[in-house]
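Heads up, the thing below is written out as structure tokens.
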Ligand SMILES: C[S@@+](CC[C@H](N)C(=O)[O-])C[C@H]1O[C@@H](n2cnc3c(N)ncnc32)[C@H](O)[C@@H]1O
């Protein structure tokens, strides 16, 4: 719990994992492309849990989705309220009551690494209560125990080269190496799961899960799984 609170304090602050606005935009453009094949037929309700900057929300809404955004970091929610003011298909939630039993799709991308392992089952059970009976949960960007920061660095450089922000990526890496993120990653660690570990936890929590062949997000060494209610 204490670790989670420290990560949340970090996410409440001025986040430095994105090296430039171009990186942030390319990140969400890539996420939208990766989740598009998973979008249900419209009209649908999608929850983005731990949504961060949520730059893909308008694209999801344009596909006929009601988009519910939730992030435990209050500062993120305040930013999102300003960003999406006047867009009625995008709702920013302070708690998850409005999402109960309402979601065709729940995304949790690049979040579980910041959740202590002991807290994951309770979180998964709470997400279960938000899904419709045939709803789908997508957990993306899962770190495996054999991943290292070296894998993340090379993935970022490849992404920067492909998307035209390589120079910013290199500068950003130097900044990250000196940053709170790296210090906290060293001190608090990140929760990591092999595919069989995460499927095991999901099964215990009442889901039927399967891995996706390709990760959601630019980091091809990380993994994603989908899960439905048993
Ligand atoms: C790496 S960002 C991912 C943002 C977005 N999902 C994406 O893929 O770009 C991690 C986000 O998870 C949020 N977060 C961390 N722990 C959380 C928790 N226990 N519940 C909800 N959100 C959490 C942070 O506030 C942050 O916005």
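Taking region 24-46 as the range and being away from the ligand (no atom under 11 Å from the Cβ) and in contact with a strand residue (DSSP E or B) (Cβ under 8 Å, 6 or more places away or on another chain) as the test, the residues that pass are 38, 39, 40, 42, 43, 44, 45, 46.
Among the residues of region 150-161, those identified as touching a residue at least 24 places away in the same chain (Cβ under 8 Å) and either surrounded by fewer than 18 Cβ atoms within 10 Å (Cβ to Cβ) or more than 10 Å from residue 19 (Cα to Cα) (or both) are 151, 152, 155, 158, 159. Among the residues of region 163-181, those that are without any contact (Cβ under 8 Å) to a residue 12 or more places away in the chain and either under 16 Å from residue 110 (Cα atoms) or part of a helix (DSSP H, G or I) (or both) comprise 166, 167, 174, 177. Of the set (1) more than 23 Å from residue 132 (Cα to Cα); (2) out of contact with any helix residue (DSSP H, G or I) (no Cβ under 7 Å at 6 or more places or on another chain); (3) modelled with pLDDT of 95 or more, all apply to residue 64 but (1).
Conditions (1) touching a strand residue (DSSP E or B) at 6+ places or on another chain (Cβ under 9 Å); (2) under 30 Å from residue 164 (Cβ atoms); (3) in a helix (DSSP H, G or I), marked per residue:
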site	(1), (2), (3)
184	no, yes, yes
187	no, no, yes
193	yes, no, no
196	no, no, yes
199	yes, no, yes
208	yes, no, no
216	yes, yes, no
219	yes, yes, no
226	yes, no, no
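The number of residues in region 107-122 being over 16 Å from residue 53 (Cα atoms) and under 14 Å from the mean Cα position of the chain (by Cα) comes to 4.
The values are calculated or read from the model by the stated rules, or taken from the named source; none is laboratory data. All values derive from a computational prediction rather than experimental measurement. Glycine also receives a Cβ, built like all others from the backbone with ideal geometry; neighbour counts cover every protein chain displayed.
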